[in-house]
Ligand code: ASP
């Protein structure tokens with residue numbers, strides 16, 4: 001690899017950084033902005049025996065064709081949670097709608113419209129999606145036909161397709177990589193009982209850092225108070241609740257440790273099942289030993305070498321994938337919601353930065369005995385990819401490759417700590433859950449936030465982060481558990497969905513950073529090495545994938 005050693009080719013992390021910045025600039029340039037929705041709009045809220053109904057129509061409309069938006073709510077609470085800007089509205093009332101505009105996002109097989117307006121002067125946002133223009137409600141179909149996609153929309157759609165192809169390549173290598181890597185790691189540990197001590201340290205590390213992240217979140221949200229007096233944009237549909245209590249979340253995770261059919265677990269990409277089965281296979285290869293054991297061990301070592309090489313090739317495409325994702329992310333975002341939720345976003349962001357650059361840096365420095373800055377540089381391709389894809393799972397092949405090839409940590413450590421960490425160790429997500437739920441609580445009129453409730457939120461946030469999958473928006477879905485635990489309405493999530501993507505990108509980077517730091521901590525103990533006594537091997541660096 002040419003990294004830092006020859007000027008002929010830029011280091012991978014520099015190329016990814018350039019791709020990210022370039023993608024962001026290109027995304028801002030192709031951002032088409034919002035389109036004004038012409039015509040005077042009337043909105044009406046009506047209470048009936050079955051609940052609340054909100055409808056918005058072009059003025060003078062006589063047919064349902066001219067309906068722009070309509071939604072029903074089971075009761076007043078559900079209505080207010082979705083449209084807090086209308087909390088003061090009476091059961092039967094006409095609402096003044098102003099400053100109406102919409103943003104159209106075209107996909108290959110989807111079209112969605114973010115419909116923004118003000119209700120009695122307060123901002124409201126709703127998203128309407130369909131598989132094709134023809135399937136949209138009549139008004140919006142007409143609206144999209146009158147505003148057909150231009151070159152900029154095509155660039156956005158192309159970027160999304162390119163990004164998705166890269167993501168598929170990453171996903172393609174993930175399961176075989178985890179499986180072969182973990183078996184090779186466990187057989188490499190041999191039958192000396194080192195596995196048990198590594199397991200213990202890893203779990204302690206996961207729990208301790210998640211709790212520290214939650215504490216940072218709690219402190220900042222209480223100091224900044226982003227929700228106090230906030231005027232929240234209403235609308236957005238609450239995500240479907242995972243419909244699980246705390247005990248079920250924990251129990252389901254334990255059940256997943258024993259797959260009834262390991263092959264279907266692999267086909268379904270169920271990480272926990274794959275991890276435990278691979279550990280079993282590795283352990284029993286050691287137990288069997290002899291010729292059979294040796295042949296199996298060699299087979300998986302060879303398979304792992306092939307998967308690492310393939311991963312390296314996929315990683316070399318990371319700059320293209322990252323640029324594509326950044327173009328898509330920046331070209332499809334409107335600025336309005338960012339202004340409204342700025343204080344909330346700032347709180348999440350500040351807390352994540354403090355956790356990553358102070359708490360985890362100290363842990364890596366003191367316990368992992370590594371220079372945190374140098375370690376961050378070594379991990380940067382994975383961190384930047386985590387940022388642009390918002391998925392720990394998709395980033396896993398990069399994380400494993402960076403930890404092993406760039407930071408020189410043994411495969412025994414990384415093959416165990418990283419896949420498990422991508423599944424259950426999510427510091428960024430835990431911190432985010434706490435800040436978001438307390439933000440909603442602070443912004444909910446009449447909700448009395450006690451210390452006991454804050455502790456409940458902290459505990460449930462930890463469980464929710466363990467249960468969240470390493471995929472985009474998983475933290476938002478799991479938040480339902482935390483909201484339920486303190487009796488906040490699930491619909492309240494509608495207000496923060498609009499800005500979840502950018503926060504997801506930030507918290508996913510912290511999730512991956514924490515997993516990487518875990519490798520440094522656990523690796524130091526398990527291998528008895530640190531950077532000080534095992535400097536990066538140039539030969540290993542030279543074969544680092546992607547460089
Ligand atoms: N996207 C995050 C991850 O993959 C999970 C979350 O939504 O918080 O790590």
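From 156, 174, grab the single residue that is farther than 30 Å from residue 281 by Cβ and under 24 Å from the mean Cα position of the chain (by Cα).
Going through 156, 174 in turn, just one is farther than 30 Å from residue 281 by Cβ and under 24 Å from the mean Cα position of the chain (by Cα): 156.
Consider residue 408 carefully, then state whether it is away from the ligand (no atom under 16 Å from the Cβ), at positive phi, free of Cβ contacts under 8 Å to residues at least 12 places away in the same chain and out of contact with any strand residue (DSSP E or B) (no Cβ under 7 Å at 6 or more places or on another chain).
no
Out of all the residues in the range 324-337, is one or more farther than 26 Å from residue 469 by Cβ and without any contact (Cβ under 8 Å) to a residue 12 or more places away in the chain? Show your work before the answer.
Let us first name the residues in the range 324-337 that are farther than 26 Å from residue 469 by Cβ, namely 331, 334-336.
Imposing the further condition that a residue be without any contact (Cβ under 8 Å) to a residue 12 or more places away in the chain reduces the set to 335.
Checked against the condition, which is being farther than 26 Å from residue 469 by Cβ and without any contact (Cβ under 8 Å) to a residue 12 or more places away in the chain, the range 324-337 yields at least one hit.
Filter the helices (runs of 4 or more DSSP H) completely within the range 236-352 down to those with at least 2 residues that are surrounded by 15 or more Cβ atoms within 10 Å (Cβ to Cβ), in contact with a helix residue (DSSP H, G or I) (Cβ under 6 Å, 6 or more places away or on another chain) and modelled with pLDDT under 90. Give the derivation first.
On the way: elements: 246-256, 262-267, 271-288, 290-316, 318-331, 336-340.
So the answer is 246-256, 271-288, 290-316, 318-331.
If I ask for residues that are within 10 Å of the ligand (Cβ to nearest atom), closer than 30 Å to residue 412 by Cα, buried (at least 24 other Cβ atoms within 10 Å of the Cβ) and modelled with pLDDT under 85, which ones from the range 468-525 would you list?
Matches in the range 468-525: 468 only.
Can you name every residue in the range 445-467 that is crowded, with 19+ Cβ neighbours inside 10 Å and more than 12 Å from the ligand (Cβ to nearest atom)?
457, 458, 460, 462, 463
Hey, any hits in the range 82-98 for a residue that's touching a residue at least 24 places away in the same chain (Cβ under 8 Å), in contact with a helix residue (DSSP H, G or I) (Cβ under 7 Å, 6 or more places away or on another chain) and farther than 21 Å from residue 72 by Cα?
Within the range 82-98 (the criterion being touching a residue at least 24 places away in the same chain (Cβ under 8 Å), in contact with a helix residue (DSSP H, G or I) (Cβ under 7 Å, 6 or more places away or on another chain) and farther than 21 Å from residue 72 by Cα), the answer is no, since none of the residues qualifies.
Give me the pairs, please: first residue somewhere in the range 449-470 and farther than 30 Å from residue 175 by Cβ and assigned to a loop (DSSP other than H, G, I, E, B), second residue anywhere and away from the ligand (no atom under 16 Å from the Cβ) and at pLDDT 85 or above, beta-carbon distance under 6 Å, and either six or more positions apart or on two chains.
If the second residue must be away from the ligand (no atom under 16 Å from the Cβ) and at pLDDT 85 or above, the pairs left are 449/441.
Looking at the range 359-407, which of its residues are surrounded by 20 or more Cβ atoms within 10 Å (Cβ to Cβ), more than 20 Å from the chain's Cα centre (by Cα) and not in a helix (DSSP H, G or I)?
Residues satisfying the conditions are 368, 370, 407.
In the range 384-401, is there at least one residue being more than 16 Å from the ligand (Cβ to nearest atom) and at negative phi?
yes
The values are calculated or read from the model by the stated rules, or taken from the named source; none is laboratory data. All figures in this text were calculated on a predicted structure; none of them were measured in a lab. When we count neighbours, we look across all protein chains shown, and the Cβ atoms used for this are built from the backbone with ideal geometry, even at glycine.
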